[in-house]
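Worksheet for the structure shown next.
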Amino acid sequence: RGELVSGRGLDRHLGVVFQIPAPLLATMPDPRAIGPTQFARAMRFLTDEWLGDVTTTYAGKCVLIALALSLIERSLLPERPGYVVSAGKRGSGKTTVVNMVSAAVLGMRAAAAAWSADPEERRKTLFAALAEGAPLVAWDNIPLAASIQCPSIEKALTSETYTDRVLGVSERRTVPATTIQAFTGNNASAAGDLASRCLTARLTADRPDPENRAFRHPDPIGWTLANRPKILRALYVIALGNPRFRDANPAPAQTRFKVWWHLIGSAVEHAAAEHAAHVAALGLDPQPGCAPASVNFRDIFAAGERNDEQSSGLATVLEVCRQNWPAGFAAADVAMFCGRADAEGEGLRTALESAAGKAIKILTPTVVAWRLKSLMDAPVAVGDEVLKLRYMIDRRAGRFMVGRSA
C-alpha cells in the first residue's frame, strides 16, 4: 500500500520490536514527497554510483535492484523469484555483487551455500536455511555452464511455507519460505521449471583478468557499507513512490509472481521509465554501455525461458515435426527420422532428449512415444507463433499433431 512500517521499540499492534539505528531511520523518505525527479535521482544513484562497477546491462542492474527490494519486502511475498548472476569469465564480480546487495540491505555479506550435485544435500541445506530464517542464501560457484534445476528450490520459491523432515529425527516441520535465493556461476542458467522462476543478471568481461580492471570503488563492499543509508533511501524511494499504490483501479499484475510484481517489479519498471525520461529531457550523459531504458520483468522472465535448454529443445522438436508431418505423425516416424545418419536426424534426437529431460538410450518407437507424450500440451514460442503438441487416438492408433496454441 506504499506505507513505511517503522519506529523504535515494541509495536504492540504489529507484535514487532523495531531496532533501527536512528541515523538510518532519519534517512527514510516521505512517500508524499516522492515525484518523477526523486525516482530518476534514486535510479541514477543506484545504477551509476552504487552499481557503477558492475559490468551488466541496464536491465541487469534493474534485476539487482529488484533483488535488493525483494530482501527488504521478503516477509510480504507469498512467492518470490530466484536471482541468477552469471558471467562468462571468473573474476567478473558475481559473488561480489550479491554481497553488495546483502551489505546494503542487511549490513553484512550474504550467507554462502555450496552447490551440491546431490539433490538430497541441496534439500538439506535449503531446509536448514529456511528453518533458521536466513534472509538470503547465495548458492555460490555453481559448476561451469551448469543448468540449474532442483525440485526443492522450485517448491520453496513458489510457496509460503516449506515442509520437510528434520535431520536426524523422525519429525516433520513446516517453516516459512521467505528466504531469497541467489545463484552465481560462470555461464550458469536456470533450466526446466526453474527457468520461469528466475531473473538473470549477466555480467560481461572485456579482458582475461576482469578482477584487475579499473574500479570506481576499489572496495565495493566497504563502499556499500559506508554509504548504506544513501542506498537504502534510494531503494525506499523506488518502493514507496510506486504510483500503482495510488491507483484506484490498477492494471492486473504481470508475471507469475503477482504480489512480487505489485510491490517490487512494477516499482522498478516505473522508476526505470522515469530515469530514462529524466536523462533524455536534461541531455545527461549516461554511464557508457548502460543507458537507462524502460524494462519489463515479464519480458525478462520470458527471455529466461526462451534461453532454457528444454524450451529450446521443445521448440526445435515442434518446428521439425510440423515441417515434415503437417498432417500428423506417429512415434515411429520420429524414431525413423532420429535414426538417420545425418545432421538433421541427430539434431532432432538431441532436441527431443533436451526437451524431455531424458536421454534416448535405445531408439525405438515406444521410447520415442514416451518422450513425445511428456511434451504434450506445453505451449512454446516458435518464431512469431506459439505451438504445442497434441495427441489423438485415430482408429485405435495414436497420432501426434503440432498446431497453434489456442
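The values are calculated or read from the model by the stated rules, or taken from the named source; none is laboratory data. None of these values were measured; they are calculated from a predicted model. Neighbour counts are summed over all protein chains in view; Cβ atoms, including those assigned to glycine, are modelled from backbone coordinates with ideal geometry. When the accessible area is computed, the model is the full protein with side chains, heavy atoms only, and any ligands, DNA or RNA have been set aside. Shrake-Rupley method; radii C 1.70, N 1.55, O 1.52, S 1.80 Å.
Here is how the numbers come out for the structure above:
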item	result
Yes/no for residue 108 being touching a Ser or Thr at 6+ places or on another chain (Cβ under 7 Å) and either open to solvent by 50 Å² or more (accessible area, probe 1.4 Å) or among the charged types (D, E, K, R) (or both)	yes
Sole residue being in a helix (DSSP H, G or I) and at pLDDT below 95, chosen from 250, 229	229
Hits in the range 127-160 - residues which are in contact (Cβ under 8 Å) with a residue 40 or more places away in the chain, within 22 Å of residue 78 (Cα to Cα) and more than 16 Å from the chain's Cα centre (by Cα)	127, 129, 130, 131, 133, 134, 135, 160
Residue ID - farthest from residue 339 (Cα to Cα), chosen from residues in the range 350-406 that are hydroxyl-bearing (Ser, Thr, Tyr) and open to solvent by 40 Å² or more (accessible area, probe 1.4 Å)	391
Selection within the range 334-367 - among the hydrophobic types (A, V, I, L, M, F, W, C), assigned to a helix (DSSP H, G or I) and out of contact with any helix residue (DSSP H, G or I) (no Cβ under 7 Å at 6 or more places or on another chain)	336, 343, 367
Meets criteria (of a type in the set (D, E, K, R), open to solvent by less than 40 Å² (accessible area, probe 1.4 Å), assigned to a helix (DSSP H, G or I) and touching a residue at least 40 places away in the same chain (Cβ under 8 Å)) for residue 53	no
Subset tally (residues that are surrounded by fewer than 19 Cβ atoms within 10 Å (Cβ to Cβ) and of a type in the set (Val, Ile, Thr)) for the range 253-276	1
Residue 39 being among the aromatic types (Phe, Trp, Tyr) and either open to solvent by less than 10 Å² (accessible area, probe 1.4 Å) or over 20 Å from residue 289 (Cα atoms) (or both)	yes
Residue check for residue 200: touching a residue at least 60 places away in the same chain (Cβ under 8 Å), buried (at least 20 other Cβ atoms within 10 Å of the Cβ) and either at positive phi or among the polar types (S, T, N, Q) (or both)	yes
Among the residues listed as 124, 89, the single one being among the basic types (Lys, Arg), more than 20 Å from residue 68 (Cβ to Cβ) and part of a loop (DSSP other than H, G, I, E, B)	89
